[in-house]
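A quick write-up on the structure given underneath.
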Amino acid sequence: MPKQSARLLLVNDVNFLLYTPFLPEAAAGTLEPRHVVTPLRDILKRTNLRLGAVTGHDPEAKTVRLDGHDGASDQLHYDRLVVAVGSVSRLLPIPGLAEHGIGFKSLSDAIWLRNHLIETLESANATEDPALRGQMLSYVFVGGGYAGLEALAELQDFAADAIQRYPRARLHGMRWILVEAAPGVLGEVDPKLGEYTVRELRGRGIEVMLSTRLEQVEKDSVRLSSGETVPCRTLVWTAGVAPHPSLRGLALPLAPSGHVPVDQFLRVAGYDGVYAVGDCAAVPNPDGGLCPPTAQHAVRQGKTAAINVAADLGIGAAERFSYRSRGMFANLGRFKAIGSTGGTGGRAWTFHGFPAWWMARTYHMSQLPGAARKLRAIADWTIGLAFSRDTAEVGSIGHPRPLREEVYARGGTHRPLSEDR
Ligand SMILES: Cc1cc2nc3c(=O)[nH]c(=O)nc-3n(C[C@H](O)[C@H](O)[C@H](O)COP(=O)(O)OP(=O)(O)OC[C@H]3O[C@@H](n4cnc5c(N)ncnc54)[C@H](O)[C@@H]3O)c2cc1C
């Protein structure tokens, strides 16, 4: 095949790449939400981009169905297909969870949570009812993995600053709770780091409830396996991820976990020219078992799949996926983090406190795509050092009220912003 004759097409439902490690900082307002995403057209110079959802796949005809945002559908033919639909928050059959819980996976989750948190402070400050104030000022996070811990730590930092402007809410005090079913947090890292994290969170007044499960969620309370019912209006569910539901409509084999099984070359067995990578794929880990759902694995798998697709077209040789984790960082709010290098047993190095926070920032800076995004993030952090946090609640951005509702509003009918979601 002549060089440059292949046509690359990326189908995605949004036109940007979200740098998820900065999602907690976007939620806490340390970084402007637009600065944690990179427009795909800025970084993909030779790739065609189509916006929409892939909703079907015919492996015989080698076509996928694309439903565009404009409502039109299209059949796209492929010679090679790389499936990378990612993951969503893993839902468990806990009564009330789907109705009243919020996940922490997307930019809209992060922005909604920030606005909701400010709304709870406003309501708590306004109400004359101490019981309602207690509900508003209690925040429960379920799941002690790195994403949940980072979200909890950043948002608690933000709320501790913001509450200074709400005198009645400040007098009442907030309650922040982390619920984790296992006896420790951050199961995948050195237990010493998990213990440090628990000490650090408890030192800040966060209640860490280990070996405890969420049993029921109501609009204004949650019930825990310890028997305690916590009155609250905020339940953040960060207990793991599951493959994106659209995968079930793509006529591919699925493991019991819902992932697409692939071999070491990232090929789907029995499906000519089909590859799967990232959070939606069950990829054999060179160290045994399956790769964890992390960006550092997804990015390397993407590269291996690209090399193997090129090899199919006669360019270069196919490669096995052989990446071994280089370690991890988890940010614990302002100037605090934990981190460990790759390696097992005594070969892993661990860090915590300010040095880990500095290393995490430096590492993420190096990974954030594009010089413009790097500079914007640095500007946000620098400005954040000099000024207090912004507590404007801007949930209405992007959700203009239809004209007829303006009429109701002028007539005095109040509709809470949270209903705009
Ligand atoms: C808060 C948080 C912090 C994290 N921090 C880290 C970290 O520090 N280090 C790390 O290594 N990992 C981290 N991760 C994990 C990391 O984000 C994921 O492992 C990684 O994004 C997976 O990449 P992916 O390409 O498989 O999926 P995704 O990044 O989820 O991308 C999949 C894309 O496909 C789109 N899509 C899905 N279905 C369809 C469809 N049918 N049609 C069209 N488009 C579709 C999705 O909308 C999405 O844009 C973090 C995750 C979270 C939530």
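Starting from the stretch 6-35, take each residue that is in contact (Cβ under 8 Å) with a residue 24 or more places away in the chain and of a type in the set (S, T, N, Q) and list its partners that are assigned to a helix (DSSP H, G or I) and more than 13 Å from the ligand (Cβ to nearest atom), counting only C-beta distances under 9 angstrom and pairs at least six apart or across chains.
Listed pairs, sorted by first residue: Asn15/Arg41; Thr30/Asp157; Thr30/Phe158; Thr30/Asp380; Thr30/Trp381; Thr30/Gly384.
Looking at Ala153 and the list (1) crowded, with 21+ Cβ neighbours inside 10 Å; (2) of a type in the set (Gly, Ala, Ser); (3) more than 30 Å from Thr350 (Cα to Cα), which single condition is not satisfied?
(3)
The rows are residues; the columns are (1) within 20 Å of Ala251 (Cβ to Cβ); (2) in a helix (DSSP H, G or I); (3) within 12 Å of the ligand (Cβ to nearest atom).
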residue: Asp272; (1), (2), (3): yes, no, no
residue: Tyr275; (1), (2), (3): yes, no, no
residue: Gly288; (1), (2), (3): no, no, no
residue: His297; (1), (2), (3): no, yes, yes
residue: Arg300; (1), (2), (3): no, yes, yes
residue: Ala305; (1), (2), (3): yes, yes, yes
residue: Asn308; (1), (2), (3): no, yes, no
residue: Gly314; (1), (2), (3): no, no, no
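Could you give me the residue pairs with C-beta distances under 6 Å whose first residue belongs to the stretch 281-294 and is within 22 Å of Pro21 (Cβ to Cβ) and in contact (Cβ under 8 Å) with a residue 60 or more places away in the chain, whose second residue is more than 8 Å from the ligand (Cβ to nearest atom) and in a loop (DSSP other than H, G, I, E, B) wherever it lies, and which are 6+ apart or on separate chains?
What qualifies is Ala281/His259; Ala281/Val262.
Check the stretch 19-32 and report whether any residue there is assigned to a loop (DSSP other than H, G, I, E, B) and surrounded by fewer than 19 Cβ atoms within 10 Å (Cβ to Cβ).
Scanning the stretch 19-32, I find at least one residue that is assigned to a loop (DSSP other than H, G, I, E, B) and surrounded by fewer than 19 Cβ atoms within 10 Å (Cβ to Cβ), so the answer is yes.
Collect the residues in the stretch 306-326 that are over 15 Å from Ala6 (Cα atoms) and among the small types (Gly, Ala, Ser), keeping them in residue-number order. Even if it seems obvious, please write down each step before you answer.
Step one: of the stretch 306-326, the residues over 15 Å from Ala6 (Cα atoms) are 317-326.
Hits for the stretch 306-326 are Ala317, Ala318, Ser322, Ser325.
Take Val83 and decide whether it is surrounded by 13 or more Cβ atoms within 10 Å (Cβ to Cβ), modelled with pLDDT of 95 or more, touching a Gly at 6+ places or on another chain (Cβ under 8 Å) and not charged (D, E, K, R).
So Val83 does not fit the description; no.
Can you pull out the strands (runs of 3 or more DSSP E) entirely within the stretch 189-246 that have at least 3 residues that are within 16 Å of the ligand (Cβ to nearest atom)?
Hits in the stretch 189-246: 241-243.
Can Glu218 be described as of a type in the set (D, E, K, R), touching a residue at least 24 places away in the same chain (Cβ under 8 Å) and surrounded by 15 or more Cβ atoms within 10 Å (Cβ to Cβ)? Step through it out loud before you land on a result.
Details: of a type in the set (D, E, K, R): yes; touching a residue at least 24 places away in the same chain (Cβ under 8 Å): yes; surrounded by 15 or more Cβ atoms within 10 Å (Cβ to Cβ): yes.
Spelling it out, Glu218 is indeed of a type in the set (D, E, K, R), touching a residue at least 24 places away in the same chain (Cβ under 8 Å) and surrounded by 15 or more Cβ atoms within 10 Å (Cβ to Cβ).
Please specify each residue of the stretch 248-270 satisfying the condition of being within 16 Å of the ligand (Cβ to nearest atom) and not in a loop (DSSP other than H, G, I, E, B).
Arg248, Gly249, Val260, Pro261
Taking interchain pairs and intrachain pairs at least six residues apart, which have beta carbon atoms under 6 angstrom, with the first residue in the stretch 298-324 and touching a residue at least 24 places away in the same chain (Cβ under 8 Å) and the second acidic (Asp, Glu) and part of a loop (DSSP other than H, G, I, E, B)?
Short answer, once both residue conditions are applied: Thr304/Glu319.
Return only the number of the condition from (1) within 11 Å of the ligand (Cβ to nearest atom); (2) farther than 29 Å from Pro243 by Cβ that Arg334 does not satisfy.
Only one criterion is unmet by Arg334, namely (1).
Which residues, taken from the stretch 51-66, are within 12 Å of the ligand (Cβ to nearest atom) and surrounded by 15 or more Cβ atoms within 10 Å (Cβ to Cβ)?
Leu51, Gly52, Ala53, Val54, Gly56, His57, Val64, Arg65, Leu66, listed by residue number.
When you look at Gly96, is it more than 10 Å from the ligand (Cβ to nearest atom) and in contact with a strand residue (DSSP E or B) (Cβ under 6 Å, 6 or more places away or on another chain), yes or no?
yes
Rundown of residues vs (1) surrounded by 19 or more Cβ atoms within 10 Å (Cβ to Cβ); (2) modelled with pLDDT of 95 or more; (3) away from the ligand (no atom under 15 Å from the Cβ), yes/no style:
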site: His77; (1), (2), (3): no, yes, yes
site: Ser87; (1), (2), (3): yes, yes, no
site: Leu107; (1), (2), (3): no, no, no
site: Ala124; (1), (2), (3): yes, yes, yes
site: Leu137; (1), (2), (3): yes, yes, yes
site: Phe141; (1), (2), (3): yes, yes, no
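Please return the ranges of strands (runs of 3 or more DSSP E) entirely within the stretch 47-166 where 3 or more residues are touching a Phe, Trp or Tyr at 6+ places or on another chain (Cβ under 9 Å).
Where strands (runs of 3 or more DSSP E) fall fully within the stretch 47-166 and carry at least 3 residues being touching a Phe, Trp or Tyr at 6+ places or on another chain (Cβ under 9 Å), they are 81-83, 138-142.
Scan Ala26, Ala61 and give me the residue that is modelled with pLDDT under 95 and among the hydrophobic types (A, V, I, L, M, F, W, C).
On inspection, the qualifying residue turns out to be Ala26.
Is it the case that the stretch 185-195 has a residue that's without any contact (Cβ under 8 Å) to a residue 24 or more places away in the chain and surrounded by fewer than 17 Cβ atoms within 10 Å (Cβ to Cβ)?
yes
The values are calculated or read from the model by the stated rules, or taken from the named source; none is laboratory data. What you see is a predicted model; the values in this text were computed from it and never measured. With ideal geometry, Cβ positions are generated from the backbone for all residues, glycine too; neighbour counts draw on all protein chains shown.
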